[in-house]
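Q: I have a structure I would like to understand better, so I am pasting it below and will then ask my questions one at a time.
Computed from the coordinates by the stated procedures, all read-outs in this text should not be read as laboratory data. On a predicted model such as this, the values are computed, not experimentally measured, just so you know. Please note: Cβ atoms are built from the backbone with ideal geometry, for glycine as well, and neighbour counts cover all protein chains shown.
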């Protein structure tokens, strides 16, 4: 980074620290914070979408759709996150490859499952074995986003369902009496007002989502926890220009500050949103 | 050197005889946390004995290689499920692993594993011994009667000894040596070395016989012309076992 960093052994104090904190490895660490923020930015809206779909399916008049919604919510909420993360990602990955295999290599004669191996034809690998590394990483990240959204969507579905039910029945009936169709009444009355009831629950989910991002590590994405552990481990002069003892505590302390900052900013934003959506509502929050 | 070129030429002609002649991309799985075998250097790239060796082997076998890091704990399942094609991660050849995956011949001779502790009188028989999870060392400690304390990475096993959580750490002598030498007398080798495993080899899927043979041939060539020994001395020092 800096020219003075050519010989770190001669440096001490702040100059050493400046060089140490600007190694390529540290930039990978800083980049990982971006990965976490990107995950949050993509997952939250997607999970909300899954939640909306789940809640509306659960309320649907068409029975199979209702069963689908109820099944989704009950199944995902009932299975431990970590089990779902380990199982679902592998199942999804293999499922995609299996389908592609059926489409691309219909003439393949060897079995796909051979003992512990799951082998599709080379043309059906997702991503292809010849793809550059960033494609593999983007694919892994997408699987992670999808899994996170699926898990948090089930919880969001339940929150939204409760919020829809909390909208005063009289208002919906009034809307119907005015001649609105049930669909219009849902869009204009229920959907607009449910957020006031849903926000505290959704806010909880957002907080849990922030704290669940270290699970990325389980999915093979090199996130901030991976780099904190790697950078903090004791380094010997033979394999690093910046030898240091076990500094994991400091790196994890930095993560602690990061997560606390994230959650405290979130709390403030959520409090404002709650106040905004409560305005004019016939609730204790809305009248103040 | 001559032999390498010959081996490379042989591998290339063999490759050209296949349906598609151009170089096949092989994804090489490693851990990146087991210096000097493999580690992440200051620039954030994988580095170490196995990285240098692996790149030479790939060149000789006519493959284009790309390195991928993976947690040690799930390194074999991710090979069998096809996330990468080989494992070069200081993995000793054992019968248990051989049932699940295949190995090339070893590229690092069988060595001893050692106990390292803060003092000479550490209790190795009944004390708490740290080892990395899913290693032959962890298996050995579990059967030795001592209390096994497992960690996900090598660094954490050493840290556990330093902070008193474990009485000693049990690991490959070659990984422990640099740690002990650089500790300034804080850590020391305790007790006798224990010979474990059949040397370090490259792990491949059982169905990839052709690739394994190519890498095997490349390793043989490097053993014969002494270039493998040079690499061992470069990374492990003059005292390291050679071929």
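Q: As a test of the formula, what do you get for chain A when each DSSP H run with n ≥ 4 contributes -39,500 (n - 2.57) and the sum is divided by the residue count, at 222 nm and rounded to the nearest 500 deg cm²/dmol? List each step's numbers first, then the result.
A: Working: 11 runs with 197 residues, N = 288.
Per the formula, -23000 deg cm²/dmol.
Q: Now for a separate question. Going by average Cβ neighbours within 10 Å, how do the peptides A:10-22, B:32-44 rank, with the highest at the top? Walk me through the numbers on the way to the answer.
A: On the way: A:10-22: 13.4, B:32-44: 22.5.
So the peptides A:10-22, B:32-44, ranked by packing, come out B:32-44, A:10-22.
Q: Report the antiparallel proportion of the DSSP beta bridges in the protein assembly as shown as a percent, rounded to a multiple of 5. Walk me through the intermediate numbers first.
A: On the way: 24 of 40 bridges.
Once the DSSP bridges in the protein assembly as shown are tallied, antiparallel ones form about 60 percent.
Q: Distance from the Cα centre of the range B:118-148 to that of the range A:226-274, in angstrom?
A: Answer, in whole Å: 31.
Q: Which percent of the Cα-Cα distances in the range A:3-287 go past 33 Å? Don't skip to the end; give the middle numbers.
A: Values: 17764 of 40470 pairs.
Of all Cα-Cα distances in the range A:3-287, 44 percent exceed 33 Å.
Q: While we're looking at this one, here's another question. Within 10 Å of each Cβ in A:232-238, how many Cβ atoms from other chains are there, averaged over the peptide? List each step's numbers first, then the result.
A: On the way: counts 2, 10, 7, 5, 8, 3, 9.
For peptide A:232-238, the averaged partner shielding equals 6.
Q: Taking only the alpha carbons of the protein assembly as shown, what extent do you get along each of the three principal axes, in Å, biggest first?
A: 92, 63, 54
Q: Looking at the range B:112-195, send over the antiparallel percent of its DSSP beta bridges, to the nearest 5.
A: The antiparallel fraction comes to roughly 60 percent.
Q: Here's a follow-up. When Cβ neighbours within 10 Å are restricted to other protein chains, what is their mean count per residue of peptide B:73-81? List each step's numbers first, then the result.
A: Numbers: counts 0, 3, 0, 1, 2, 2, 2, 6, 8.
The per-residue average across the peptide is 3.
Q: Starting from the coordinates of the alpha-carbon atoms of the range B:112-195, obtain the Kirkwood hydrodynamic radius over all distinct pairs and give the value in Å to one decimal. Before the final figure, lay out each step's value.
A: Values: mean 1/r = 0.0824 Å⁻¹.
Result for the range B:112-195, one decimal place: 12.1 Å.
Q: Measure nothing fancy, just the Cα-based angle from helix B:173-182's long axis to the longest principal axis of chain B, in degrees from 0 to 90, nearest 10.
A: The two axes meet at around 60 degrees.
Q: What would the Debye equation give as log₁₀ I(q)/I(0) for the range A:141-282 at q = 0.11, 0.14 Å⁻¹, counting only Cα atoms as equal point scatterers?
A: -0.62, -0.82
Q: Still on this model: Any chance you could give the angle, 0 to 90 degrees and rounded to 10, that helix A:63-78 forms with the longest Cα principal axis of chain A?
A: Its long axis makes an angle of about 40 degrees.
Q: For helix A:248-278, what angle does its Cα long axis make with the longest principal axis of chain A, in degrees from 0 to 90 and rounded to 10?
A: Tilt relative to chain A: about 20 degrees.
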